[in-house]
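First the structure, in the form of structure tokens, and then the observations on it.
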């Protein structure tokens, strides 16, 4: 009984996780500039991978695998915002233009490399 | 922090007594130990321990819930045929000043709907945030100040 339940739960979580991963991929394709793309990659991507890892943790029935899967989730939550922050910051520093529909840019003017030449 | 160690010790003792060190049994022992500490909270002064644990847990829960919410919003936006985007970067004046608090706040902001932290100023007084809908930066600023920043200050001050 418990096994059937956990199989259904695993399947449902895998489908939800992959759906979010697909949405993240579509978002990276459709959004106009690198900064908006980071939104799709950092949120939908993190949730998708996290949910799939949780599915693995439930399915595994083995303490070692479960612990490692959960540690993976935690590391995703910790690192995804940092990597997207660094990518956005680096893109801004080297002068990657913001999309033409951008309504506001309050970044300090000297944060682009070579801005003062 | 000492009480945290005592709690772990109690969990290990439970594992020893019940003869099984499986993860589920140890977690069960940890919860039992927490219950025991709660019973003698007046004597050992563990009330603060429970309050802090509760606040940190509620912050963690907020974190996960906001992540789900924001992933859902991104999904809806990406799948809609006409994406009505008004992106922009706004400056957010920080009230928290310790490094790990700023890091935590920046992470939380990145994982919330429509916002992504891009940079912190050199003097650690301003956070630069990219918002996918930047038509009303003032209300976004107020949301962050009233939501996450206040929660972080409550949990760690």
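Those residues that are farther than 16 Å from residue B:71 by Cβ and either modelled with pLDDT of 85 or more or facing another protein chain (nearest Cβ under 9 Å) (or both), I need them from the range A:31-54; list them, please.
As a first pass, look at the range A:31-54 and keep what is farther than 16 Å from residue B:71 by Cβ: A:32-35.
A:32, A:33, A:35, listed by residue number.
Assess whether residue A:76 counts as being in contact with a helix residue (DSSP H, G or I) (Cβ under 8 Å, 6 or more places away or on another chain) and surrounded by 22 or more Cβ atoms within 10 Å (Cβ to Cβ). No; evaluated as a whole, the condition is false for this residue. Of all residues assigned to the range A:73-96, at least one qualifies as being without any contact (Cβ under 8 Å) to a residue 24 or more places away in the chain, in a helix (DSSP H, G or I), closer than 30 Å to residue B:20 by Cα and more than 12 Å from every other protein chain (Cβ to nearest Cβ). Residues in the range A:43-60 that are free of Cβ contacts under 8 Å to residues at least 40 places away in the same chain and either surrounded by fewer than 19 Cβ atoms within 10 Å (Cβ to Cβ) or under 14 Å from the mean Cα position of the chain (by Cα) (or both): 12 in all.
Comparison of B:29, B:15 shows that the only residue that is in contact with a helix residue (DSSP H, G or I) (Cβ under 9 Å, 6 or more places away or on another chain), away from chain A (no Cβ under 14 Å) and in a helix (DSSP H, G or I) is B:29.
Conditions tested, residue by residue: (1) in the same structural domain as residue B:113 (by TED's automatic domain parsing); (2) more than 30 Å from residue A:24 (Cβ to Cβ).
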residue: B:10; (1), (2): no, yes
residue: B:13; (1), (2): no, yes
residue: B:24; (1), (2): no, yes
residue: B:30; (1), (2): no, yes
residue: B:37; (1), (2): no, yes
residue: B:53; (1), (2): yes, yes
residue: B:59; (1), (2): yes, no
residue: B:64; (1), (2): yes, no
residue: B:69; (1), (2): yes, no
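Kindly indicate whether any position in the range B:129-144 is under 15 Å from the mean Cα position of the chain (by Cα) and either modelled with pLDDT of 80 or more or closer than 27 Å to residue A:86 by Cβ (or both). For the range B:129-144, residues under 15 Å from the mean Cα position of the chain (by Cα) and either modelled with pLDDT of 80 or more or closer than 27 Å to residue A:86 by Cβ (or both): present.
The values are calculated or read from the model by the stated rules, or taken from the named source; none is laboratory data. For clarity, every value in this text was computed on a predicted model and none was experimentally measured. We place every Cβ from the backbone using ideal geometry, glycine too, and count neighbours over all the protein chains shown.
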